[in-house]
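Below is one structure, written out as structure tokens; the observations come after it.
Throughout, read-outs are computed from the coordinates displayed, never taken from laboratory work. These figures come from a predicted structure and were not determined experimentally. Here Cβ is always computed from backbone atoms with ideal geometry, including for glycine, and neighbour counts include all displayed protein chains.
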Amino acid sequence: MSAALALGAVADDYTGASDLANTLTKAGLRTVQTIGVPADDLALPEVDAVVVALKSRSIPAAEAVAKSRAAEGWLRGRGAAHILFKICSTFDSTEAGNIGPVLDALRADAGEAVALVTPAFPETGRTVYQGHLFVGAQPLNESPLKDHPLNPMRDANLVRVLARQSGSPVGLVDTATVAGGADAVAARLDALAESGHGAAIADAIVEADLETLGAAALRRRLSVGASGLGLGLARALVAAGRGAARADALPGAGVGGHTACLAGSCSQATLGQIEAAEAVMPVLRLDPERILSDRTAIGAAIEWAAARLGDGPVLLATSGTPEAVRALQARHGGAEAGHAIEAANAAIAAGLVARGVRRLVVAGGETSGAVVDHLGLRAFLVGPEIAAGVPVLRTAGSEPMLLALKSGNFGGRDFFARALDLMR
Ligand code: ADP
């Protein structure tokens, strides 16, 4: 890669990283997503942005800080003048972090006085007004996020939420200031830095606000936000002459080989997509009880697929209805059953690749993480969009594979057919 990166991003989970990479690509930046901090010698094509995907949202803060700093160091080494720390658009975090501690560390490393922070993404119903985050019409603390199993969000006032996590005072860039344009926002950030603030929650209600915030944020070395701020930063960079006219041209020609789909997500959306797929390809519904108790089940599933791959795509699914999932969890424990089934899906993926599969669609966030880690995939070029937030990914390197990694609720009923269409 010759030119310096226009933008570097450190993402706190894998599917969020894909979502951001997809947003940047659509906005006109040629983007690569890496899994974890890349090796120093990772060869990349000419790109404008790199998104380093970490799994750091729900791990101890000190570990999240160390991983994020390593990612930041790599990105700065590739010339990134600005870094976006990508968080969830619902500000998923606890009083222990990890947004505040990571922000403080990256800001110190960057030698930056203050960072603009906004999880707003109006297109997906996430807006911020007077520092309060809304999910659709509901304040965050009245939305379903109040009951999140890992990080229940019980306060919509992000100035307060972030101040509890961060070592320095947190200020506000309010709607009136944002309406004044990028210069007004930049002046407000200067004033907040002057008075000792290390971060500022920025209001954004409509997409144009994100463009204003992106242009202002770029004048400093670090910002924190979701894909919405990514969009604002990308638009500002493209306006400044960075990026390519058609970023989604990046993935190039077909890769050949067989095609398979795996589903480990048990979401309503995925269950409907599996049902719809039965009309267009052979579908094997795996018995999760057998997966957990019979070591030959994985090999049998791979053989079932191998016998059919020559005729076209196949789908294998462990997914079950909520009742079936509850029953299995009652017998085996929730986390235990989940991780064991993720490992089984990862082993099946490896078996399929060994049988000549080069195009792989995976449904489920955790399932995708397990598959990608098990296959040892390190970097993806980001291609066309299959469904909102789900791009076609092409592995970097000499024998490329195409992948689609879908978090559970994403995509319409015809998701699998659409994915196969775009992966020809
Ligand atoms: P989503 O993106 O929908 O949350 P994930 O892959 O992140 O999907 O999570 C689904 C979890 O459910 C994974 O841990 C997976 O292994 C597990 N799982 C898959 N099939 C079943 C099943 N039939 N019963 C119980 N758990 C299952």
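A few remarks follow.
- Short-range pairs are left out: with C-alpha atoms under 8 Å and at least six residues apart, the relative contact order of the chain is 18 percent.
- Taking packing as the residue-averaged number of other Cβ atoms within 10 angstrom, the listed peptides 163-174, 89-100 run from highest to lowest as 89-100, 163-174.
- In degrees, nearest ten, helix 207-217 long axis to first principal axis of the chain (Cα): 70
- Net charge of neighbours whose Cβ lies under 10 Å from the Cβ of ALA419, counting Lys and Arg as +1 and Asp and Glu as -1: +1
- With a simple spin-label model that places each label point 7 Å from the Cα along the Cα-to-Cβ direction, the separation between GLU112 and GLU207 comes to 2.5 nm.
- Taking a straight Cα-Cα cut-off under 19 Å and skipping sequence neighbours fewer than 8 places away in the same chain, the lysines within cross-link reach of LYS55 are LYS67, LYS86, LYS406.
- Here the dipole of segment 55-129 is about 260 debye; that uses its Cα centre as origin and unit charges on the Cβ of Lys and Arg (positive) and Asp and Glu (negative).
- FRET efficiency, ALA62 to GLU194 (Cβ-Cβ, R0 41 Å, nearest 0.05): 0.85
- Using Cβ point charges alone (K and R +1, D and E -1), the dipole size of segment 258-422 about the Cα centre works out to roughly 220 debye.
- Against the empirical curve 2.2 N^0.38 Å, the C-alpha radius of gyration of segment 7-239 lands at a ratio of 0.91.
- Full-extension gain in nm, ARG154 to ALA70, via 0.36 nm per residue minus C-alpha separation: 27.1 nm
- With a cut-off of 14 Å between beta carbons, the residues surrounding THR177 carry a summed charge of -4, where Lys and Arg count +1 and Asp and Glu -1.
- If the chain linking ALA4 and ALA176 were pulled fully straight, counting 0.36 nm for each residue of separation and taking away their Cα-Cα distance, it would gain 58.4 nm.
- Other residues lying with their Cβ under 13 Å from the Cβ of ALA208 contribute a combined charge of -4, Lys and Arg counting +1, Asp and Glu -1.
- Unit charges on C-beta of K, R, D, E only; dipole of segment 7-239, Debye: 180
- Förster radius 41 Å - calculated FRET efficiency between GLU303 and ALA330 (Cβ-Cβ, nearest 0.05): 0.85
- As a length-normalised measure over Cα pairs under 8 Å and 6 or more apart, the relative contact order of segment 67-185 settles at 24 percent.
- Contact order normalised by residue count of segment 7-239, Cα under 8 Å, 6+ apart, percent: 24
- You can think of it this way: the chain between LEU284 and LYS146 has 46.0 nm of extra reach, that is 0.36 nm per residue less the Cα-Cα gap.
- Using R0 = 22 Å, the C-beta based FRET efficiency linking ARG164 and ALA187 works out to 0.20.
- Helix axis angle, 227-239 relative to the chain longest principal axis, alpha carbon, degrees: 70
- Taking amide H as placed 1.01 Å from N in the peptide plane, the amide H of ARG57 sits under 5 Å from none that are at least 5 places away or on another chain.
- Helix 99-110 axis, angle to the chain major axis (alpha carbon atoms, nearest 10°): 60
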